[in-house]
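S.K.: I am attaching a structure below and will ask some questions about it afterwards.
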Amino acid sequence: MFAGIFAEWVSPYNPLDIDFAGILAPPSWEHWFGTDAYGRDILSRIIFGSRTALVIGFTSSFLGSVMGAVLGIASAYFGG
């Protein structure tokens, strides 16, 4: 959660930077998880991707809770 919120400061590289010299590099001290087919750092992409997962998870939990509460209150009020 910390890495997703503060991704700009935690991530070692920009996840969109393309480096054709480092295509499909294996894990190393420079790129801990290696690089993909475009030379992008995989660790940075995972860190920035966690931000999307957090937003989707919290939003769906919040919407499910609100809709469940509204449905519960309505069914209790109308005697269902």
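S.K.: Test each condition in (1) free of Cβ contacts under 8 Å to residues at least 24 places away in the same chain; (2) exposed (fewer than 12 other Cβ atoms within 10 Å of the Cβ) for L16 and report the one that comes out false.
M.R.: Here L16 clears every test but (1).
S.K.: Given the conditions (1) under 21 Å from the mean Cα position of the chain (by Cα); (2) open to solvent by less than 80 Å² (accessible area, probe 1.4 Å), which single one is not true for G68?
M.R.: For G68, the exception is condition (1).
S.K.: Inside the stretch 1-56, can you point out the residues that are basic (K, R) and in a loop (DSSP other than H, G, I, E, B)?
M.R.: First pass over the stretch 1-56, keeping only residues basic (K, R): 40, 45, 51.
The one that is basic (K, R) and in a loop (DSSP other than H, G, I, E, B): R40.
S.K.: If you check every pair at least six apart or on different chains, which have Cβ atoms under 9 Å apart with a residue in the stretch 40-57 that is more than 17 Å from D19 (Cα to Cα) first and a residue that is among the aromatic types (F, W, Y) and not in a strand (DSSP E or B) second?
M.R.: I46/F33
The values are calculated or read from the model by the stated rules, or taken from the named source; none is laboratory data. Since this is a predicted model, take the numbers as computed values, not measurements. Ideal geometry is used to build each Cβ from the backbone, glycine not excepted, and the neighbour counts take in all protein chains shown. Note: accessible area is taken over every heavy atom of the protein model, side chains too, but ligands, DNA and RNA are not part of it. Shrake-Rupley method; radii C 1.70, N 1.55, O 1.52, S 1.80 Å.
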